[in-house]
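Trainee: Below is one structure. I have some questions about it.
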Amino acid sequence: MYTGIVHGAYPLAAVIHKPGLHQLFIDLPPVLLEDLVIGASVGLDGVCMTVTSIDGARVSFDAMQETLSLTTLGKLNDGDIVNVERSAKQGAEIGGHNMSGHVDGCAELIAVEKSENNCTLSFRLPQTLSKYVFRKGFIGISGCSLTVADYQRDEAEFTVWLIPETLRVTGFANKRVGDWVNIEVDRQTQVIVDTVERVLAERE
């Protein structure tokens, strides 16, 4: 379980491509290495990953074919920046919203607007996810809990606003139009929408 409050964005030290498997290596700072053990869960760009080795500050993760196919992790190479969040501890403050680290799909960045103290990003969703997104609702974008500022349902396009602190801590400052991000919809919203659809279908 994650909160969507990214701890930092760090470059991949190495990516080893194997048949059906990519090994991702990243050097983490001391604050993220504390009590970290093999088998622990760490969110990389919103994907729940298992620690497979720890060698000093260098930590590795294995991304299987399913993960490579459904998320942006399959497109990563050496030096690419990823958002990192350690899994939430019991009793931890939930500053964002509850997230599972199970990505529902990917969205394309279609517009970037920057002003002196603000940054607006607009994305296009897969139509299959559009029914779970609402204006002022939660959405997980590459592991970051954000609020939907605007949403055009017919086009499946939504906008988020980022404050300078979010740009500083995450990798969004490096994103360009045409880049893809991982999306996790709000699970409570998903359950409500799916339940209502099922009930209405049963009444027909």
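The values are calculated or read from the model by the stated rules, or taken from the named source; none is laboratory data. The structure presented is a predicted model; accordingly, all values stated were derived computationally and were not measured. Cβ atoms come from the backbone with ideal geometry, glycine included; neighbour counts cover every protein chain shown. Surface accessibility is based on the protein's heavy atoms, side chains included, excluding ligands, DNA and RNA. Shrake-Rupley method; radii C 1.70, N 1.55, O 1.52, S 1.80 Å.
Trainee: What FRET efficiency, computed as 1/(1 + (r/R0)^6) with R0 = 35 Å and r the Cβ-Cβ distance, is obtained for ALA40 and HIS17, rounded to the nearest 0.05?
Mentor: Plugging the Cβ-Cβ distance into 1/(1 + (r/R0)^6) gives 0.90.
Trainee: Now for a different question. Among VAL6, GLY79, PRO29, whose Cα lies farthest out toward the positive end of the dipole of the range 1-148, if unit charges sit on the beta carbon of Lys, Arg (+1) and Asp, Glu (-1)?
Mentor: VAL6
Trainee: Follow-up. Need the C-alpha centroid separation for the range 157-186 versus the range 114-151, integer Å.
Mentor: Taking the Cα centre of each part, the range 157-186 and the range 114-151 sit 8 Å apart.
Trainee: Here is a follow-up. What distance in nm separates the two pseudo spin-label positions at GLU113 and SER87, each 7 Å out from Cα along the beta-carbon direction?
Mentor: 4.0
Trainee: Follow-up. Leaving ligands, DNA and RNA out of it, report the carbon-plus-sulfur percent of the accessible area of the range 95-150 at a 1.4 Å probe.
Mentor: Carbon with sulfur: 46 percent of the solvent-accessible area.
Trainee: Further question on the same structure: Relative to the longest principal axis of the C-alpha atoms of the chain, give the angle of the C-alpha long axis of helix 187-203, reported between 0 and 90° and rounded to the nearest 10°.
Mentor: Between the helix axis and the principal axis of the chain, the angle is about 40 degrees.
Trainee: While we're on this one: Taking the Cα centre as origin and putting +1 on Lys and Arg beta-carbons and -1 on Asp and Glu beta-carbons, what dipole magnitude results for the chain, to the nearest 20 debye? Don't skip to the end; give the middle numbers.
Mentor: On the way: 17 positive and 27 negative charges, 14 e Å.
The calculation lands at about 60 debye.
Trainee: Could I ask something else about it? Size of the range 1-81 along its principal axes in angstrom, Cα-based, largest extent first?
Mentor: So the extents along the principal axes, rounded to whole Å, are 32, 27, 23.
Trainee: Any idea how far apart LEU33 and ASP80 come out in nm if each label point goes 7 Å out from Cα toward Cβ?
Mentor: 2.5
Trainee: Can you send over the carbon and sulfur percentage of the accessible area for the range 47-93, probe radius 1.4 Å, protein chains only?
Mentor: Of all accessible area on the range 47-93, carbon and sulfur atoms account for 46 percent.
Trainee: In sequence order, what are the phi-derived ³J(HN,Hα) couplings for the range 104-113 according to the Karplus relation 6.51 cos²θ - 1.76 cosθ + 1.60 with θ = phi - 60°, rounded to whole Hz, with x for glycine and proline?
Mentor: These are the phi-based 3J(HN,Hα) values: 8, x, 10, 10, 9, 6, 10, 7, 10, 10 Hz.
Trainee: Can you give the three extents of the C-alpha atoms in the range 31-123 along their principal axes, from longest to shortest, in whole Å?
Mentor: 41, 34, 25
Trainee: Working from the alpha-carbon coordinates of the range 106-204, get Rg over Rh, Rh being the Kirkwood radius.
Mentor: 1.03
Trainee: If you don't mind, there's one more thing I want to ask. Would you work out the charge dipole size for the range 56-156 about its Cα centre, treating the Cβ of every Lys and Arg as +1 and the Cβ of every Asp and Glu as -1, and quote it to the nearest 20 debye?
Mentor: Values: 10 positive and 13 negative charges, 52 e Å.
Value, rounded to 20: 240 debye.
Trainee: Suppose only helical runs count, i.e. DSSP H with n ≥ 4. What mean residue ellipticity at 222 nm does that imply for the chain under -39500 (n - 2.57) per run, divided by all residues and rounded to the nearest 500 deg cm²/dmol?
Mentor: Result for the chain: -4500 deg cm²/dmol, rounded to the nearest 500.
Trainee: Can you list the residues, at least 5 places off or on another chain, whose amide H is less than 5 Å from the amide H of ALA149, using H built in the peptide plane?
Mentor: Amide H neighbours of ALA149: LYS136, THR159, VAL160, TRP161.
Trainee: So if R0 is 41 Å, what FRET efficiency would GLN127 and GLU165 give, r being the distance between their Cβ atoms, rounded to the nearest 0.05?
Mentor: Calculated transfer efficiency: 0.80.
Trainee: With the other protein chains left in place, how much accessible area per residue, in square angstrom, belongs to the chain at a 1.4 angstrom probe?
Mentor: Each residue of the chain exposes 53 Å² on average to a 1.4 Å probe.
Trainee: Need the full-extension length gain, THR189 to THR52, defined as separation in residues times 0.36 nm minus the C-alpha distance. One decimal, nm.
Mentor: Full-extension gain reported as 46.0 nm.
Trainee: Additional query: Can you return the lysines within cross-link range of LYS136? Criterion is Cα-Cα under 28 Å, with same-chain partners fewer than 8 residues away left out.
Mentor: Once the sequence-local lysines are set aside, what remains near LYS136 is LYS89, LYS114, LYS175.
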